[in-house]
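I have placed the structure first, in the form of structure tokens, so that the comments after it can refer back to it.
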Amino acid sequence: MDQISRTSVAPDRLLNNLRQAIASGRIAPGTRLDEAVLEVEYGPAGMAPEECLAVLEARGLGVREPRRVWRVRAHDAAEIRQLYAVRALLERQAVAGLAEAGADIERLVADLTAINATMTKKRAAGDAEAYLKGNERFHATILRYAPNEPLRLTSALLTDMAAPLRLARLRKDLAASTAVEEHGAIIEMLGAGEVDAAADAMQDHILGNADAAVAAAA
């Protein structure tokens, strides 16, 4: 694990450092998370290692085994498909909520277009992590225009759970990702006022990536 500064680090920063290490793949699925090692790596101040691990478990990133053994969660094929199925339903609702919220679609389209352009550059540069961050921002922006706190919180949890899977896939073949093109189609539908069609396309977009996620995790 990367060495992290131990000076005046807030408890939430300690937790975030570990979460980011898991999301980025620096700590691989199935890796044992030893409390004593974490205290050395992340510093003894702030959130206790056991408390930090409990939060990771609640966020779907860690799992507790018998005899106080903690590991980074590793998903089997069935769990990955379930994760993508739930994400697809929620992402569809996020887009559908734009009409209910009376969102400024013109401005949203401009914001999504700018994000998509940045993603295109990151894909060309071979920067998988930045590409994924842009992808996450694309989806989060839709919820910003159609506020739904329960949906936002649930989506944030699923985004954390899916991040290691998505990044593993992108690192294997970033050039093959068609997210930019699929986002572009959704943007066009929104610009044309076809919110329902955009919602359906968003659901298909998420579900269409499940097989690739399963293959990347194998």
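Near GLN203, within a Cβ-to-Cβ distance under 13 Å, what is the net charge of the other residues, with Lys and Arg +1 and Asp and Glu -1? The answer is -3. The sum of -39500 (n - 2.57) across all DSSP H runs of n ≥ 4, divided by the residue count of the chain, sets its helix-only mean residue ellipticity at 222 nm to -23000 deg cm²/dmol.
The distance from the alpha carbon centre of region 175-218 to that of region 66-111 is 12 Å, rounded to a whole number.
Kirkwood analysis of the Cα pair distances in region 139-192 returns a hydrodynamic radius of 13.0 Å.
Can you give the relative contact order of the chain as a percent, counting alpha carbon pairs under 8 Å and 6+ residues apart? Over the chain, the number comes to 26 percent. Extension gain, LEU89 to GLU65: 0.36 nm times the residue separation minus the Cα-Cα distance gives 5.6 nm. Here's the picture: a label point sits 7 Å out from the Cα of ALA124 along the beta-carbon direction, and within region 137-181 the residues with their amide nitrogen under 15 Å of it are 175, 180-181.
Rounded, prolate or oblate: which fits region 110-172, taking a ≥ b ≥ c as square roots of the Cα gyration tensor eigenvalues, rounded meaning a/c under 1.5, else prolate when a/b beats b/c? Oblate.
Under 5 Å between amide hydrogens, built in the peptide plane, is the criterion, and for GLY62 it picks out GLU57, ARG73 among residues at least 5 positions away or on other chains. Can you give me the distance in nm between label points at GLU79 and GLU194, each placed 7 Å from the Cα along the Cα-to-Cβ direction? Going from the GLU79 label point to the GLU194 one covers 3.8 nm. So which residue, out of ARG137, ARG68, ARG19, gets the largest mean-square fluctuation from a GNM of the chain using Cα contacts under 10 Å as springs? Among ARG137, ARG68, ARG19, the largest GNM mean-square fluctuation belongs to ARG68.
None of the figures in this text is laboratory data; all of them are computed from the coordinates on show. Remember, it's a predicted structure, so these values are computed and weren't measured experimentally. For neighbour counting, all protein chains shown are included, and Cβ atoms are generated from backbone atoms with ideal geometry for every residue, glycine included.
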